[in-house]
Amino acid sequence: MFNFNWISKYRNELFGLAMLSIMFHHFCENYWQAVTAGVIPAAHVAAKGAFFLGYHTYVGSIGVEIFLFLSGMGLYYSYHKNPDLKRFYKRRMHRILVPYFLVAIPFWCIKDLVLQPLNMTQVMKDLFFYTFFSQGVAAIWFIGLLIALYLTFPIMYALVGKSRRASGINLLIIIAAVNLLMFVLDRRMPEFASNINIAMTRVPIFAIGTYMGRYIQRGLRIKWPSAAIFTAATILFGIYSHGHMTDVSTIRFCTMIYSLGLLMLLVWILHGIENLKKLNAFFRLVGSYSLELYLTHVTLRNLMKTMGCPMYRIHVFAGMLLGAVVLSLILKPLTDLFTKIGAVRIGKGFLNLIYCFHKLAPVKNQIALISRQSDEPSLDIKMIASELKRESPEITVRVLCRKIPDGAAGKIGYIFYIMGPMMHAIAQSRLIALDGYCIPASILHHRKSLTIVQMWHAMGAFKKFGYAVLGEKEGYSPQLAKVMNMHKGYDYIFVSSEACREPLQEAYRCHMNQMVVMPLPRVDFLRREEYVKPTRERILRRYPFLAAADKKNILYAPTFRKNAPGLNTAYIQRLIEKTDFTSYNLIIKPHPLMKEKIHSEDALIDTEFTSMEMLSVADYVITDYSAFVLEAAVADKPVFRYVPDRKSYQNRRGFFVDLDQAAPGFASEDAGEVMEAIRENRCHLSEVQKFAQKFVEPRENCTESIAQFLLSHMDKTSRAR
């Protein structure tokens with residue numbers, strides 16, 4: 001009797017044999033390519049090379065099919081035992097991604113940057129398999145296939161592993177669907193079909209392994225004559241098809257059938273030589289290192305071929321294999337170490353490794369202004385960039401502004417943005433200035449000469465943030481903050497007045513001597529007529545009704561309530577309902593992070609101008625807990641605060657100061673009362689001015705002061721610090 005449970009019993013030995021088969025196939029492939037190119041003379045082929053060519057023709061890469069069958073079976077065992085998706089993905093991704101990145105990053109950097117005159121963009125495309133689909137670059141294609149199969153395995157399990165009744169039919173549908181897809185692609189998109197053929201045509205054998213997992217686990221037995229007939233028939237069929245067929249997809253389909261017979265033959269042999277413990281132990285050892293051997297073997301082989309090494313020569317190939325074995329012995333414990341360290345730390349290590357290659361570029365006479373508050377430069381950044389260019393035309397000013405997008409695809413794209421343009425700009429700059437937490441600024445190992453300045457995107461010190469809300473509902477966890485080096489690495493931190501030093505020291509966990517009193521350029525914009533007048537004219541050209549003499553303009557700029565989307569719109573609607581539109585124009589400036597749409601026939605919902613620009617036409621300002629109250633005060637505007645969730649917001653977020661005591665103007669939880677206070681003009685400008693002077697140091701030419709500070713400290717970086 002043939003017991004299918006033997007496949008599970010000899011799983012590691014079979015993985016080892018599959019790996020040995022793949023490596024020998026690669027040598028035979030090298031030999032065949034050399035024969036085809038005329039490098040090896042015919043006499044040598046007849047005397048010594050017939051076996052290599054025969055193996056290439058009649059056995060080929062069948063070890064891949066055996067490997068995938070065993071992988072499908074193994075995943076069935078694991079998922080059937082514990083269908084916890086989080087645990088499943090965590091274990092599988094750690095097992096494959098950690099060794100992959102440890103090998104693939106140096107491999108692609110060496111190949112694309114050292115051996116070929118390419119760039120980091122190409123490295124990223126190769127590393128994340130973009131070029132596999134677009135150009136058919138298949139150096140490490142097998143890992144890309146495994147990642148895809150692991151990610152979709154719960155679906156595969158539901159189709160062919162879970163339901164006994166429908167699984168057989170579903171398996172046939174999957175096999176037919178893959179072959180039909182390749183048939184259509186061959187005719188409609190032949191180049192793309194050629195690129196993905198090596199991976200797509202292997203999906204059916206993985207599905208068969210998953211399907212058979214149930215029967216292997218239960219120890220299905222068949223009589224030896226039936227097993228022998230199946231084994232012989234499939235092997236003979238495979239040998240015949242390999243020798244007589246030319247279509248790649250057809251050959252791969254036949255190889256799938258061929259591999260099942262060969263797998264059974266290998267199981268029989270292993271069962272027969274069970275007493276040869278040393279031989280079995282060798283196969284098991286190779287099997288336990290199969291993934292590491294695959295990675296080191298294919299990458300070394302590829303690099304040596306790129307360098308022109310004669311890989312068809314046995315001694316050269318054997319030397320490569322020896323190197324692969326040594327690297328595998330290093331890779332496995334290194335993988336275990338990185339797995340223990342954790343995903344976030346691995347990500348940091350990966351980003352720092354990429355950054356090392358960016359730092360090979362020469363440092364320029366450059367300042368980089370970086371923001372993730374918006375996809376467009378803020379007013380402050382525009383004014384600083386313009387002033388830097390005016391004062392020092394020889395300086396290169398790089399402006400990089402991009403928000404972290406929603407969704408997995410957007411976040412993956414942002415990672416590429418960090419690893420590409422952002423890292424390169426930082427690596428080539430003498431100074432970088434930020435207006436918020438910037439991941440690469442805090443987690444990367446920079447040159448000692450680089451100066452990092454945190455300007456922040458708001459003045460004053462009102463709402464708590466950073467370390468001041470660590471572990472709170474609207475803050476980050478202490479563990480994540482520690483791993484991500486939150487707000488670390490700054491040389492200087494701008495504050496808008498002396499009164500802000502103490503609370504912001506809590507937010508940044510920094511030293512007092514790192515803080516520099518330096519109000520933002522927006523102060524110039526709000527106070528100087530050369531900025532205010534043209535801004536007012538632009539807004540009135542767009543919205544002429546705001547110039548009506550019989551109506552006053554009320555600007556409402558609320559804060560963003562994190563994790564409370566319904567409240568953002570509800571409070572705005574209440575204010576709209578209480579507005580007397582016969583006497584007032586209500587201008588609503590939703591927070592940039594607010595995604596809900598607001599509809600009103602009476603109020604102006606503006607998305608074209610910034611809140612600060614709208615101050616130029618505002619007669620009154622309504623806000624809540626936002627630092628915008630300070631901008632309004634700097635602009636000498638009467639300020640009113642509509643705070644319907646005063647207590648709950650205090651509990652969620654908290655404040656550095658008591659706004660009810662510190663902020664000027666009337667405050668109420670009721671929208672009607674706020675509108676009544678505006679009608680009665682219950683706000684004294686003297687209080688507004690006093691408030692502004694406390695939290696924004698009175699200063700002329702703030703933009704020039706910042707530009708001069710940045711330029712002078714960039715100059716200092718040219719000397720050792």
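Any read-out appearing in this document is the output of simple, stated calculations on the displayed coordinates, not a laboratory observation. None of the values given here were measured: they were computed from a predicted structure. In this analysis, Cβ positions are derived from the backbone assuming ideal geometry, glycine residues included, and neighbour counts consider all displayed protein chains.
Could the peptides 252-262, 235-245 be put in order, highest first, of the mean number of other beta-carbon atoms found within 10 Å of their residues?
Values: 252-262: 22.1, 235-245: 14.9.
Order by mean packing, descending: 252-262, 235-245.
Here the gap between L265 and V516, fully extended at 0.36 nm per residue and compared with their Cα-Cα distance, gives a gain of 82.7 nm.
Please label the shape of segment 362-519 as rounded, prolate or oblate, based on the square roots a ≥ b ≥ c of the eigenvalues of the alpha-carbon gyration tensor (a/c under 1.5 means rounded; beyond that, a/b larger than b/c means prolate, else oblate). Since a/c reaches 1.5 but b/c is at least a/b, the shape of segment 362-519 is classed as oblate.
What ranking, highest mean first, results for peptides 690-703, 84-97 when packing means the other Cβ atoms within 10 Å averaged over each residue?
Working: 690-703: 18.4, 84-97: 14.6.
Descending mean neighbour count gives 690-703, 84-97.
Other residues within the sphere of radius under 12 Å centred on the Cβ of G672, judged by their own Cβ, net out at -3 (K and R +1, D and E -1).
Give the angle, between 0 and 90 degrees and rounded to the nearest 10, that separates the Cα long axis of helix 277-288 from the longest principal axis of the Cα atoms of the chain. Here the helix axis deviates by roughly 30 degrees. Remark on S429: its backbone amide H falls under 5 Å from those of K364, a criterion applied only to residues 5 or more positions apart or on other chains, H modelled at 1.01 Å from N. What the Cβ-Cβ distance of A43 and T152 gives, at R0 = 56 Å and to the nearest 0.05, is a FRET efficiency of 0.65. Backbone amide hydrogens, once placed in the peptide plane, bring R398 within less than 5 Å of I367, A368, L369, excluding anything fewer than 5 places away on its chain. DSSP beta bridges confined to the chain are antiparallel in about 10 percent of cases. In sequence order, segment 79-91 has phi-based couplings of 6, 5, 6, 8, x, 7, 4, 4, 5, 4, 5, 4, 5 Hz under the Karplus curve 6.51 cos²θ - 1.76 cosθ + 1.60, θ = phi - 60°, and Gly or Pro positions carry x.
With a cut-off of 15 Å on the backbone N, the residues of segment 197-241 near the modelled label site 7 Å out from N5 along Cα-Cβ are 213-222. Couplings for segment 18-32, taken from phi via the Karplus curve 6.51 cos²θ - 1.76 cosθ + 1.60 with θ = phi - 60°, read 4, 5, 4, 5, 5, 5, 5, 4, 5, 5, 4, 5, 4, 5, 4 Hz in order; Gly and Pro are left as x.
For segment 387-449, trypsin sites (Lys or Arg not before Pro) meeting the loop criterion (DSSP other than H, G, I, E, B) and having at most 13 other Cβ atoms within 10 Å: R447, K448. The label point for Q689 and the one for A177, both projected 7 Å from the Cα toward the Cβ, are 7.4 nm apart.
Protection proxy ranking of 671-683, 214-226, by the mean of other Cβ atoms within 10 Å over each peptide's residues and highest first, is 671-683, 214-226.
Shape class of segment 135-271 from the alpha-carbon gyration tensor: oblate, with a/c at 1.5 or above and b/c at least as large as a/b. Under the simplified labelling scheme, the S288-R501 pair shows an inter-label distance of 6.2 nm, with each label point 7 Å from Cα along Cα→Cβ. To test your reading of the geometry: what angle, between 0 and 90 degrees and rounded to tens, separates the Cα axis of helix 248-272 from the longest principal axis of the chain? For 248-272 against the chain, the angle is about 70 degrees.
Given a Förster radius of 60 Å and the C-beta distance between D660 and T396 as r, what FRET efficiency does 1/(1 + (r/R0)^6) yield to the nearest 0.05? After rounding to 0.05, the efficiency reads 0.80.
If you work out Rg and Dmax of the Cα atoms in Å from the coordinates, which of (i) 30.8, 93; (ii) 27.3, 89; (iii) 33.5, 107 do you get? The listed entry that was calculated here is (iii). Principal-axis analysis of the Cα atoms of the chain puts helix 702-716 at an angle of about 40° to the longest axis. For V495, the amide hydrogen comes within under 5 Å of the amide hydrogens of V516, V517, M518, counting only partners 5 or more places away or on other chains and with H modelled in the peptide plane. Taking the charge dipole of the chain about its Cα centre, with +1 at Lys and Arg Cβ atoms and -1 at Asp and Glu Cβ atoms, the residue from G38, V453, L14 reaching farthest to the positive side is L14.
Considering only G136, V123, I239, and ranking their Cα positions along the charge dipole of the chain that arises from unit charges at the beta-carbon of Lys, Arg, Asp and Glu, the one farthest toward the positive end is I239. 3J(HN,Hα) along segment 620-632: 9, 10, 10, 9, 9, 9, 6, 5, 4, 4, 6, 4, 4 Hz, from the Karplus curve 6.51 cos²θ - 1.76 cosθ + 1.60 with θ = phi - 60°, whole Hz, x for Gly and Pro. Modelled this way, with points 7 Å down the Cα-to-C-beta line, the labels at E577 and K448 are 6.5 nm from one another.
Pairs K552/K578; K90/K488; K90/K348: which exceed 21 Å Cα-Cα? Over 21 Å apart, Cα to Cα: K90/K488.
I'd like the GluC sites (Glu not before Pro) in segment 337-409 restricted to DSSP loop residues with at most 13 other Cβ atoms within 10 Å, sorted by number. Write down the numbers at each step before the final one.
Values: sites: E387, E391, E394; in loops: E394.
In loop regions of segment 337-409 (DSSP not H, G, I, E or B), the sparsely surrounded GluC sites (Glu not before Pro) are E394.
Considering only the other residues whose Cβ falls under 14 Å of the Cβ of S194, what net charge follows from Lys and Arg at +1 and Asp and Glu at -1? The partial results should precede the final answer.
Details: positive: R187, R188, R252; negative: D186, E191, D247.
Net charge around S194: 0.
Which of rounded, prolate or oblate describes segment 237-301 when judged by the alpha-carbon gyration tensor and an a/c cut-off of 1.5? Oblate, since a/c reaches 1.5 and b/c is not below a/b.
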